[in-house]
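A short worksheet on the structure shown next.
The values are calculated or read from the model by the stated rules, or taken from the named source; none is laboratory data. Given the structure is predicted, the values throughout are model-derived calculations rather than measurements. No Cβ is skipped: glycine too gets one built from the backbone with ideal geometry, and neighbour counts run over all protein chains shown.
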Amino acid sequence: MSKRIFITVILAGVSVASCGAVTKEDFEKRMASIENRIAKLEEKQNILEERNLRAEGRIDTLSENLAGVRLEVEKLKMRGGVGQEAPVKVPEPKQEKPQQLAEAPQRQEPPSTLEAQQRQEPPSKIDTKQRQEQLLYHEDYQKEYNEAFQLYQLKQLNQAKEKFIEFIKKYPKTPLTDNAYLWLGVIYRDMKELAKAEAVWLTMVERCQRREMVDCNKMPAVLYQLGLYYEQKGESKRAREMFESIVKEYPQSEEATRARIKLSR
């Protein structure tokens, strides 16, 4: 119960006391009214937190769309403007050069094995091949992540859960793996499997701390979800640790603003 709700209860009690003697029935009615207000406040708080999470989902969707656009741009760059005619070059006038004495030809060393390999396959071709492989890999995991996230948005929780689990196993090190951990935990939470949600989120935290992840930009969101979970369990000390960690490690994040509010209560 927050300080605001606690103060509301105290003020209500003072108000009841100041009105002089009241009947038991009136007192019970007033207490029921106060409890009803508290329940409504808690419900509003839960709704606001749910809206914040949905907003994060919309941001993820926008990021995914942007990544798709970038992927298409990279493909177009690699095609090198197929179908376009090369610009016609106008020959420059030849300039007469003064005659020079013939110089003795320089001795050429036989090419090394490395030079021979580079002549057989120019570096530009090697770079293009690597970029093609990276783009194909990016296209694969981006597509599979989108499929899992869309299932969650459609509230097909079981299918989304399996998709995210498969994604994490198949792509343990991508910029979207931390996103997958976040939403897998949210799915377990929505399915009322809170212990599994906690385990998933803690696994991501540990992997990020061990530097096993390519990207950990969802750490503030995961820590905040863990803080809410411990708060609901009545483990105020652990909840506070999560909120303090957000404020310390990610002070500019949106979750840090919400964590500060939690810590001020």
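The table that follows gives values for the structure above.
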quantity	calculated
One residue from R189, R238, R258 being in a helix (DSSP H, G or I) and over 18 Å from the mean Cα position of the chain (by Cα)	R238
Some residue of the range 57-65 being basic (K, R), surrounded by fewer than 12 Cβ atoms within 10 Å (Cβ to Cβ), at pLDDT below 70 and assigned to a helix (DSSP H, G or I)	yes
So R207, is it touching a Pro at 6+ places or on another chain (Cβ under 9 Å) and either over 26 Å from N146 (Cβ atoms) or in a helix (DSSP H, G or I) (or both)	yes
Matching residues in the range 137-181 - criterion: being assigned to a loop (DSSP other than H, G, I, E, B) and either hydroxyl-bearing (S, T, Y) or touching a helix residue (DSSP H, G or I) at 6+ places or on another chain (Cβ under 7 Å) (or both)	Y171, T174, L176
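Yes/no matrix, rows are residues, columns are (1) under 19 Å from A221 (Cβ atoms); (2) small (G, A, S); (3) in contact (Cβ under 8 Å) with a residue 12 or more places away in the chain:
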| residue | (1), (2), (3) |
| --- | --- |
| E147 | no, no, yes |
| Y152 | yes, no, yes |
| K169 | no, no, no |
| K173 | no, no, yes |
| L176 | yes, no, yes |
| A180 | yes, yes, yes |
| L184 | yes, no, yes |
| I187 | yes, no, yes |
